[in-house]
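The structure appears right after this line, and notes come after that.
The values are calculated or read from the model by the stated rules, or taken from the named source; none is laboratory data. From a predicted model like this one, the values you see are computed outputs, not experimental measurements. Here Cβ is always computed from backbone atoms with ideal geometry, including for glycine, and neighbour counts include all displayed protein chains. Heads up: the accessible areas ignore ligands, DNA and RNA and are worked out on the full protein's heavy atoms, side chains in. Shrake-Rupley method; radii C 1.70, N 1.55, O 1.52, S 1.80 Å.
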Amino acid sequence: MRIVAGAKSDVGRVRQGNEDSYLMREPIFVVADGMGGHIAGDVASSTAVEAIAGELASADVGDPDSLAALVKKANAAVWEKTQSDPSLRGMGTTCTLMMVQNSTAHLAHVGDSRAYLLRAGELSQLTDDHTLVWRMVQEGRLSPNEAEHHPQRNIITRALGLDADVEVDILSFDLVPGDRLLLCSDGLPSMVDAERIGQTLAESNEPQRAADALVELANRAGGEDNITVMVLDLVDSEAPSPPPGEDADTGAIPQASRGTAARADTPVEQRGPAGAANTVMHTATSAPSVPKHRYWLRRVLAGAIVLAVLIVAGVFILRWQLGNSYFVGVDDSGLVTIFQGRPEAVAGISLRSEAQQTQLAIEDLPEFMRDDVEQGITADSLSEARDRVETLEAQAESFSKEGAGRRNGNS
Ligand code: CA
């Protein structure tokens, strides 16, 4: 069997830069999705992909047993960069690597990028997501539907570059001619549901066309994240050759501006009835038969009344909004705390009041999660905010358990 491949990586519609990287060098195919918020996720993913490409140039990659070691070398390369440059601390990347050999596919996987198989029109996900919500679904604490909309669905529990060593999932399975494989960063499945992905893959003949169509779908759905899609067709060697595909090589994305993710921190606006105000003002001008000074006086008075009504309405709306908003943040002593109000200040005025302090210190959380908490994780009610805290506590606990074995001498 031989492979026909197509790939596309796109910045999406919201992010400033593309933090995804990919590699196509038969028989190895890799998708890496960098993370780190304001830190250089693009550096993380391109470092991982370049480390793998470097290893391929020097080593024999025929051995599936070497795949975990290959990904661990990529991890070490990212980790070393974070250790030598403080500005890169906390960056990390996912890595989903597939090796196709004869009629077998071998996967080495860390993070929440995904591999899927389309066989006989049926799409199945081959990889587990190393995310908090995936784990909660497996433990029966969340339904798959709840997980899809969970505010912490982006928190990943395993990535390259967060520690000196990393646990790699390894998986092998047999292929048959006609199988179509998909590797993608989470920018695709977070925007397009699995059914639609399967349909699109089944409808497009050429892999490159399928990849283009999937990226377009994700962008049409909002393109909230970078999207990288790789489609691999397993073709019977006897079948006639299709037109030549894309050159198989590193698709590391050029280092664009660092992709600071747009956060959902919409500043509170006072949504006064602006249209109504105009209408009232016009009405006030139509008082013709009064002396001029009284006319102006009435006009000013009418304006002042309208303004006062607007201010009262604005304050009322703002107070109502603040009273119904909660967020999980950090207090001055470094403890994770539930606040009522909004995380951001408006015109220098703080819009928060402390609702409930917890015993969880921000220091107890994994480094890559602290940013989110420091900027405030919003919730629609106090009980929802308490749920968020519970999730963070569980995460801190499992992190300290997981980390204990791996962090010897590195922290
Ligand atoms: Ca992503």
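Per-structure values
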| read-out | value |
| --- | --- |
| Cα-based Rg of the range 295-341 normalised by 2.2 N^0.38 Å, two decimals | 1.98 |
| Gyration tensor (alpha-carbon) shape descriptor, the range 101-175, a/c threshold 1.5 | oblate |
| Estimated Rh, the range 1-134: Kirkwood, alpha-carbon pairs, angstrom | 15.7 |
| Dipole in debye (nearest 20) - the range 125-228, about Cα centre, beta carbon charges: Lys, Arg +1; Asp, Glu -1 | 200 |
| Inter-label distance for residue 322 and residue 143, nm, one decimal - labels placed 7 Å from Cα along Cα-to-Cβ | 3.7 |
| Surface accessible to a 1.4 Å probe, residue 368 within the full protein complex, Å² | 50 |
| Accessible area of residue 237 in the full protein assembly, 1.4 Å probe (Å², nearest 10) | 60 |
| Cut-off under 5 Å, modelled amide H: who pairs with residue 187 long-range | 228 |
| Heavy-atom accessible area ranking, 1.4 Å probe, most first, across 401, 81 | 401, 81 |
| Dipole axis of the range 156-200 (+1 Lys, Arg; -1 Asp, Glu on Cβ), positive-most option in 188, 157, 173 | 188 |
| Accessible area (Å², 1.4 Å probe, nearest 10) - residue 150 | 20 |
| Reciprocal of mean inverse Cα separation for the range 67-139 (Kirkwood radius, Å) | 14.4 |
| Qualifying GluC sites (Glu not before Pro) in the range 84-172, DSSP loop, other Cβ atoms within 10 Å at most 12 | 139 |
| Bins of 10 Å from zero: percent of alpha-carbon pairs in the range 298-411 | 13, 35, 23, 14, 8, 4, 2, 1 |
| The range 147-205: C-alpha gyration tensor shape, a/c 1.5 cut-off, then a/b vs b/c | oblate |
| Cβ-defined net charge surrounding residue 48, 12 Å radius [Lys, Arg +1; Asp, Glu -1] | -4 |
| Computed E for residue 332/residue 238 - FRET, C-beta separation, R0 60 angstrom, nearest 0.05 | 0.25 |
